[in-house]
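Q: If you scroll down you'll find the structure; I have some questions about it.
The values are calculated or read from the model by the stated rules, or taken from the named source; none is laboratory data. Bear in mind the structure is a predicted one, so any value in this text is a computation, not a measurement. Backbone-built Cβ (ideal geometry, glycine too); neighbour counts: all protein chains shown.
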Amino acid sequence: MYNSIVYSILLCLRINSTSYLMKNFTLILLSFLTIQLSAQDFYDLYTLQTIKITFAESNWDQLLDTEKAGNEGYTMAQSVAINGEVYDSVGVKYKGNSTYQTNQVKNPFHIELDTYKEHDHQGYKDIKLSNVAKDPSFLREVLSYDILGNYMDAPKSNYANVYVNGNLMGLYSNCEAITKTFTKDRFGSKNGAFIKCNPPAGAGPQSNDFPNLVYLGEDSTDYYESYEIKSDAGWDELLDLCDTLSNYTDAIEQILDVDRTLWMLAFDNVLVNLDSYIGAFAQNYYLYRNEYGQFVPMVWDLNESFGRFSMTGNGNLNSNSAKQQMNPLLQINDSDFPLLQKLLSVPSYQKKYIAHCKTMVEEAFASNAYYETGLILKELIDASVQADNNKFFSYNNFLSNLDSDITGGGGGPGGGGTIGIATLMNARTTYLLENSLFTAIAPIISDISLSADNPVVGDMITISTSITDGNSAYIGYRINKFAPFTKVEMVSDGSGIFQVTIPVKAAYTEYYIYSENDNAGKFSPQRAEHEFYNFTATSVNTSVGDVVINEFMASNDMTQVDQDFEYDDWIELYNNSNLDIDLSGYFLSDNSEDIMSWQIPAGTVISANGYLMIWADKDEEQEGLHANFKLSAAAESIILSDSDGSILDEVSYADQTTDISYGRFPNGTGDLQVMNPTFGLENNNDILTLGDAFENEKLIIYPNPTIEGFWINYNGVGQAHLSVSDLYGRVILSQSISTENWIDTKDWTSGIYLIRANDSIGKIVVR
């Protein structure tokens, strides 16, 4: 209800943006937003936040300066209140490079709610507050993020009045932090390589250590001064990306989300955002390697967008005309910018890049939408800017910079003033739309149709479209919102009709169409791959026996680790059918009185004759499939049911032995047997008797863990037959042993191995 009211008011404002009525509507809107503040998302664009930091110490500024100069650690605040909601014992520190100074009152803040206690505000733990030190308009950062969010995953942003110990520090831009929480929300995982592409010591003319993705060789130390790894590992992955980009561009889509990269480059160029990858220091972005092996770029730090920063690396754009007419293919021939040089040298990538630029120019700027949003934001923050006694520019500068240039005021590297946002973008829009790259005739995609109104999962569907002025076309489709799009060429019938037939693999499918000719390309929808079409399908009712609980382990000590390197209980499902089955909305439980305990997430598909692994660890925040229950090593049941609550499979078990699984043999159809685990693989005939599982007192193995080898003592009668297998059931050693034996492991792969000597079972960890 609230959002619809806000939208209606904003629509009225856009219809009559210059009238007296607009001002009155704006005042009504601001009052309404203020009343509704507490109910809104922390990053709602049109609400002002109030953040009050309280330190026990009166010299808090000195304490934060000291930490900033040292290891950049946090200082404990007694409390942080966000719109009246109070959190005690919170970590606070100063952030920033060029925007931070020891001698200024208004420094940027980084608040970490969970430094000392497990706090979060609406799910957010890190709060980044920028002091607007470089922007007379107060609009650049917030307005830029708002535009960017229409085309790629981007931080949300708005404004906050910030107080410390009761004193107003001023109006700050409040930008969503790019953290593991961000990657989990946007990309479905959080444990991949995570890289901040900013020099740890700060970028500037004094340095040549830029995170430009130039390949510097195989020694990771050569990259330390240019990048900051925010995950447990990442250097090898970064080197692989740089190497592939520079030397194996044909394989780049295997390791880089090229479409999102093109959107980032298009955004930076259109908005003349040179404090970015395309500018002198090639910085201010993040890279995250998703679970599909692709790096995804994320834009960060937009306080100098709209021409506020002027350095290209090959000179300064000091005049308004130089910024207004900046080359849309800037850096295309410069090897110091391989994302631009290598990608845009591929004709199809360049056409896609120009298509993205054109979409952004037409939607955000030729329509004047950016200006209308700027006016609304300007009205929203007007009183707060007036009240900010620590701002870096005058109130009159704030009033005029949306439309007009500001002279002086420290224009930063490469410039001594600040160009008006409209001065830049109105002229730049005209320049770009008249550029030959933009005027080239692009295909027209229309009349998209499906061969079935009600497709069924497991069937095939034909998608048709009419394309004018297109030589080729493909469809990109996926059934998981976090997965890369699968691209399949569409076939023309010679009359402008293009078709493709694809499998219906799940209840929900997302897709888009791309076409190009010799001169230009076109997406439909135009914001693809960020936006897309979709269709739903009817799932064929899953029959009992189609999907079964195939294997499980209720006491996992050293057998298999999850993505966070934790040894947790696990359940293996197996698809006995020859069709992919969409398990979206199905349920898994360990409680017969609540068979709908955990719902399998949307987009979860188990492939034909394939396996699906689920961790039963009561930790749904982890990457992958993690149920909201744990298995008991004592007797209980595991129940699989469909979306209607009909039970598809149920297994009951008695006391379990650590690192020994229960699985079906024959695989998928047989009764449950005690066995050596075959995690995600076909159950073999390595079945153990109950005696095998419990009687291991005759076997002594040491040292354990080991590196080079181990002694095995068998205390049974006579000789024993020794069998050593890995966790996939593959036998790697088979021989006879006597009382005491040395086993050499120098050539073994690190891991856990299961040992059987006659009727005794043990395990060895080889490092």
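Q: Just a yes or no: is a residue in the stretch 740-752 closer than 30 Å to L672 by Cβ, at pLDDT below 80, over 44 Å from the mean Cα position of the chain (by Cα) and of a type in the set (A, V, I, L, M, F, W, C)?
A: No: zero hits.
Q: Would you mention how many residues in the stretch 558-579 are at pLDDT below 85 and farther than 16 Å from I614 by Cα?
A: Result for the stretch 558-579: 2.
Q: So, one more: Out of S189, S173, which single residue is part of a strand (DSSP E or B), buried (at least 17 other Cβ atoms within 10 Å of the Cβ) and in the same structural domain as Q325 (by TED's automatic domain parsing)?
A: S173
Q: Six or more apart or on different chains, Cβ atoms under 7 Å: show the pairs whose first residue is in the stretch 389-402 and assigned by TED's automatic domain parsing to the domain that holds S137 and whose second is in a loop (DSSP other than H, G, I, E, B) and among the small types (G, A, S).
A: Pairs that qualify, where the first residue is assigned by TED's automatic domain parsing to the domain that holds S137 and the partner is in a loop (DSSP other than H, G, I, E, B) and among the small types (G, A, S), are F392/A133; F393/G409; N397/G409; F398/S137; N401/S137; N401/G420; L402/S137; L402/G420.
Q: Give me a count of the residues in the stretch 203-238 that are aromatic (F, W, Y), farther than 24 Å from Y100 by Cα and in a loop (DSSP other than H, G, I, E, B).
A: Here the count works out to 1.
Q: Please tell me if F306 is within 25 Å of K351 (Cα to Cα) and surrounded by 22 or more Cβ atoms within 10 Å (Cβ to Cβ).
A: yes
Q: Just give me the residues in the stretch 53-107 being among the acidic types (D, E) and within 22 Å of A201 (Cβ to Cβ), in sequence order.
A: D65, E67, E72
Q: Which of the numbered conditions does M264 fail, given that it passes all the others? Conditions: (1) without any contact (Cβ under 8 Å) to a residue 60 or more places away in the chain; (2) within 30 Å of E72 (Cα to Cα); (3) not in a loop (DSSP other than H, G, I, E, B).
A: Of everything listed in (1) without any contact (Cβ under 8 Å) to a residue 60 or more places away in the chain; (2) within 30 Å of E72 (Cα to Cα); (3) not in a loop (DSSP other than H, G, I, E, B), M264 misses just condition (1).
Q: Which condition number in (1) surrounded by fewer than 23 Cβ atoms within 10 Å (Cβ to Cβ); (2) within 26 Å of the chain's Cα centre (by Cα) is the one that V544 fails?
A: The number of the failed condition is (2).
Q: Do you know which residues across the stretch 457-493 are touching a Ser or Thr at 6+ places or on another chain (Cβ under 6 Å), among the hydrophobic types (A, V, I, L, M, F, W, C) and surrounded by 13 or more Cβ atoms within 10 Å (Cβ to Cβ)?
A: Of everything in the stretch 457-493, those that are touching a Ser or Thr at 6+ places or on another chain (Cβ under 6 Å), among the hydrophobic types (A, V, I, L, M, F, W, C) and surrounded by 13 or more Cβ atoms within 10 Å (Cβ to Cβ) turn out to be V457, I461, I467, A473, I479.
Q: Checking the structure you have, find out if any residue of the stretch 148-167 is out of contact with any helix residue (DSSP H, G or I) (no Cβ under 6 Å at 6 or more places or on another chain), of a type outside the set (F, W, Y), surrounded by fewer than 22 Cβ atoms within 10 Å (Cβ to Cβ) and part of a helix (DSSP H, G or I).
A: no
Q: I'd like to check something: does the stretch 681-689 contain any residue that is in a loop (DSSP other than H, G, I, E, B) and of a type in the set (V, I, T)?
A: Yes, because at least one residue in the stretch 681-689 is in a loop (DSSP other than H, G, I, E, B) and of a type in the set (V, I, T).
Q: Which condition does G494 not pass, out of (1) over 30 Å from D582 (Cα atoms); (2) outside any loop (DSSP other than H, G, I, E, B), if it passes all the others?
A: With respect to (1) over 30 Å from D582 (Cα atoms); (2) outside any loop (DSSP other than H, G, I, E, B), G494 is out only on (2).
Q: Restricting the stretch 630-660 to residues that are surrounded by fewer than 18 Cβ atoms within 10 Å (Cβ to Cβ) and under 19 Å from Q560 (Cβ atoms), which is modelled with the highest pLDDT?
A: Restricting to residues being surrounded by fewer than 18 Cβ atoms within 10 Å (Cβ to Cβ) and under 19 Å from Q560 (Cβ atoms), the top hit is K630.
Q: Taking the stated definitions as given, is E516 more than 20 Å from L583 (Cα to Cα), surrounded by 18 or more Cβ atoms within 10 Å (Cβ to Cβ), among the acidic types (D, E) and not assigned by TED's automatic domain parsing to the domain that holds V361?
A: yes
Q: Another question about this same structure. Identify, please: which residue in the stretch 247-277 is among the β-branched types (V, I, T) and over 18 Å from K196 (Cβ atoms) and is, among those, surrounded by the most Cβ atoms within 10 Å (Cβ to Cβ)?
A: V272
Q: Can I ask one more? Name the residue that is nearest to R140 (Cα to Cα), counting only residues in the stretch 287-304 that are assigned to a strand (DSSP E or B) and not hydrophobic (A, V, I, L, M, F, W, C).
A: Step by step, filter the stretch 287-304, then rank; the result is P297.
Q: With a cut-off of at least 1 residues that are β-branched (V, I, T), name the strands (runs of 3 or more DSSP E) lying wholly within the stretch 587-676.
A: 611-616, 636-641, 647-653, 671-675
Q: Within the bounds of the stretch 716-726, is there any residue that is modelled with pLDDT under 75 and closer than 28 Å to G680 by Cα?
A: Scanning the stretch 716-726 turns up at least one residue that is modelled with pLDDT under 75 and closer than 28 Å to G680 by Cα.
Q: If we scan the stretch 562-571, do we find a residue that is on the phi < 0 side of the Ramachandran plot, among the polar types (S, T, N, Q) and touching a strand residue (DSSP E or B) at 6+ places or on another chain (Cβ under 8 Å)?
A: no
Q: Right, another one. Residues in the stretch 342-355: is at least one touching a Lys or Arg at 6+ places or on another chain (Cβ under 8 Å) and closer than 30 Å to Q49 by Cβ?
A: There is no residue in the stretch 342-355 that is touching a Lys or Arg at 6+ places or on another chain (Cβ under 8 Å) and closer than 30 Å to Q49 by Cβ.
Q: Give me the residue from the stretch 575-586 that is of a type outside the set (F, W, Y) and in a loop (DSSP other than H, G, I, E, B) and, out of that set, surrounded by the fewest Cβ atoms within 10 Å (Cβ to Cβ).
A: N578
Q: Identify all residues within the stretch 105-117 that are touching a residue at least 40 places away in the same chain (Cβ under 8 Å) and surrounded by fewer than 16 Cβ atoms within 10 Å (Cβ to Cβ); write none if there are none.
A: V105, Y116
Q: Can you find a residue in the stretch 531-548 that is under 30 Å from G751 (Cα atoms), aliphatic (A, V, I, L, M) and in contact (Cβ under 8 Å) with a residue 24 or more places away in the chain?
A: Yes, because at least one residue in the stretch 531-548 is under 30 Å from G751 (Cα atoms), aliphatic (A, V, I, L, M) and in contact (Cβ under 8 Å) with a residue 24 or more places away in the chain.
Q: Further, regarding this structure: Which numbered condition in (1) of a type in the set (S, T, N, Q); (2) surrounded by fewer than 16 Cβ atoms within 10 Å (Cβ to Cβ); (3) in contact with a strand residue (DSSP E or B) (Cβ under 9 Å, 6 or more places away or on another chain) is the only one that T430 fails?
A: Result: T430 passes all but (3).
Q: Kindly indicate the residue of the stretch 506-558 that is of a type in the set (G, A, S) and outside any loop (DSSP other than H, G, I, E, B) and also nearest to I638 (Cα to Cα) among those meeting that condition.
A: That would be S524.
Q: Tell me which of these F194 doesn't satisfy, since it passes every other one: (1) of a type outside the set (S, T, N, Q); (2) farther than 26 Å from A77 by Cβ; (3) over 15 Å from the mean Cα position of the chain (by Cα); (4) crowded, with 22+ Cβ neighbours inside 10 Å.
A: (3)
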